[in-house]
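A.B. asks: Have a look at this one.
The values are calculated or read from the model by the stated rules, or taken from the named source; none is laboratory data. Owing to the predicted nature of the structure, the values given are computational and were not obtained by experimental measurement. Cβ sites come from the backbone with ideal geometry, for glycine too, and all protein chains shown count toward neighbours.
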Amino acid sequence: MSKNSPPCPFGELLLTLRKERGISQYALSRGCGISERYLSYLEHGVFEPRARTLIRLADALAIPPGELFALYAERLRAQGLEEPEQARSPRPR
């Protein structure tokens, strides 16, 4: 993500939650079974987590997964972006 790129809502949320709880990247990455590098990529918006990783992150941050996902969706809406695919109802074919 370049300095001119728009901020990544999930990465910002993850960083905020981690810092609010006083957890280091090392401790959080170990707590949810991912590498510290991958966690850094998530926080910087290089990647977005898969559902399993999101659940592990929520557990390690002591937040219900549904609440973490809701906070993420809220940030997307606040930035005028669409909600994540998983939050939408399936479209009829």
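A.B. asks: Keeping to region 9-52, report how many residues are over 14 Å from residue 71 (Cβ atoms), of a type outside the set (D, E, K, R) and out of contact with any Phe, Trp or Tyr (no Cβ under 8 Å at 6 or more places or on another chain).
C.D. replies: Residues that pass the stated criteria total 17.
A.B. asks: Output the residues belonging to region 1-33 that are assigned to a loop (DSSP other than H, G, I, E, B) and at pLDDT 90 or above.
C.D. replies: 21, 22, 23, 24, 33
A.B. asks: Can you find even one residue in region 34-49 that is aliphatic (A, V, I, L, M), assigned to a helix (DSSP H, G or I), modelled with pLDDT of 90 or more and more than 17 Å from residue 8 (Cα to Cα)? Break it down into steps so the answer makes sense when it comes.
C.D. replies: Kept after step one, since they are aliphatic (A, V, I, L, M), are these residues of region 34-49: 34, 39, 42, 46.
Filter once more, keeping what is assigned to a helix (DSSP H, G or I): 39, 42.
Cutting the leftovers down to modelled with pLDDT of 90 or more gives us 39, 42.
Applying the additional criterion that residues be more than 17 Å from residue 8 (Cα to Cα) yields none.
No, region 34-49 contains no residue that is aliphatic (A, V, I, L, M), assigned to a helix (DSSP H, G or I), modelled with pLDDT of 90 or more and more than 17 Å from residue 8 (Cα to Cα).
A.B. asks: Condition test on residue 57, is it touching a Ser or Thr at 6+ places or on another chain (Cβ under 7 Å) and modelled with pLDDT of 95 or more?
C.D. replies: Values: touching a Ser or Thr at 6+ places or on another chain (Cβ under 7 Å): no; modelled with pLDDT of 95 or more: yes.
No, not satisfied.
A.B. asks: Quick one: in region 41-74, which of the residues that are more than 11 Å from the chain's Cα centre (by Cα) and of a type in the set (Gly, Ala, Ser) is surrounded by the most Cβ atoms within 10 Å (Cβ to Cβ)?
C.D. replies: Among those residues, the one meeting the criterion is 60.
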